[in-house]
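The values are calculated or read from the model by the stated rules, or taken from the named source; none is laboratory data. None of the values given here were measured: they were computed from a predicted structure. Reconstructed Cβ throughout: ideal geometry from the backbone, glycine too, with neighbour counts over all protein chains shown.
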Amino acid sequence: MTTLVVTALGFERAAFHHLAHRPGWRVASTGVGPARAADGLARLIRADRPALVVGAGVCGALEPALRLGDLVLPAEAVAPEGARESLALDERLCQLARRFAEAHGGSAQIGGRIVSVERIASTPTDKRELARRFEALAVDQETFAWARVAREAGIPFVAVRVVLDEAGEPLASWRPSTWRSALRLPARALRARRTLRAFGREWPCWRS
């Protein structure tokens, strides 16, 4: 049976290029945001029903202790209106994440909640408000939508995210205060993708 790895962006999908041609694996991008995530995954499931869906990519940290490159494997996704979806926590994958983080000098946050928003949480103030409202550890745009589609199709769903921007860091915008962050973003994105790629290289052992 096939394991389907979905990402929002081609940039993230490229981290799993090594899986794309392996028997039993499929890698695809759905597009950014809740609507594209839901529509894209629904089409992929109709075309070739997998045994498991893994939603992977980068995220923003809401928990101040999380750092660039840390792994986040949440147990629940929440939408802005408060709807929730439970996420699978595969024990073998969780153990693999802990060992990987220890070997690479990072951390693996297992469990907790991720909030999936319509628009990027671009400022530390935005992130603090999301953390307060939802008691969430991290933020993205797609995990809730993917999880709902997978549940409705009767397929287990696992989320694997890597921290790109920390809780106290702004993402680039028109505000001059974020321009320094914009200069750092490409290097940080590449580092996060390297973590995704390195962790993903261990997944065939997980699913063997």
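Inside the stretch 13-45, residues that are basic (Lys, Arg), surrounded by fewer than 18 Cβ atoms within 10 Å (Cβ to Cβ) and within 16 Å of the chain's Cα centre (by Cα) make up a count of 1. If you filter the stretch 46-63 down to residues that are in contact with a helix residue (DSSP H, G or I) (Cβ under 9 Å, 6 or more places away or on another chain) and in a loop (DSSP other than H, G, I, E, B), you find that the one that is surrounded by the most Cβ atoms within 10 Å (Cβ to Cβ) is Leu62. One residue alone among Leu52, Leu93 is under 24 Å from Glu152 (Cα atoms), in contact with a Ser or Thr (Cβ under 7 Å, 6 or more places away or on another chain) and not β-branched (Val, Ile, Thr), and that residue is Leu52.
Scanning the stretch 1-43 for residues that are under 28 Å from Val78 (Cβ atoms), of a type in the set (Gly, Ala, Ser) and touching a residue at least 40 places away in the same chain (Cβ under 8 Å) gives Ala8, Ala15, Gly33, Ala35, Ala37, Ala38, Ala42. For Pro74, the stated conditions do not hold, so it cannot be described as more than 15 Å from Ala138 (Cβ to Cβ) and touching a strand residue (DSSP E or B) at 6+ places or on another chain (Cβ under 9 Å). Scoring Leu196 on the criteria (1) modelled with pLDDT of 90 or more; (2) more than 19 Å from Val32 (Cα to Cα); (3) of a type outside the set (Asp, Glu); (4) in a helix (DSSP H, G or I) leaves a single failure, condition (2).
Scanning the stretch 120-158 for residues that are of a type in the set (Phe, Trp, Tyr) and not in a strand (DSSP E or B), we see that the one that is farthest from Ile110 (Cα to Cα) is Trp146. Those residues that are of a type in the set (D, E, K, R) and either in contact with a Gly (Cβ under 9 Å, 6 or more places away or on another chain) or modelled with pLDDT under 95 (or both), I need them from the stretch 30-48; list them, please. Matches in the stretch 30-48: Asp39, Asp48.
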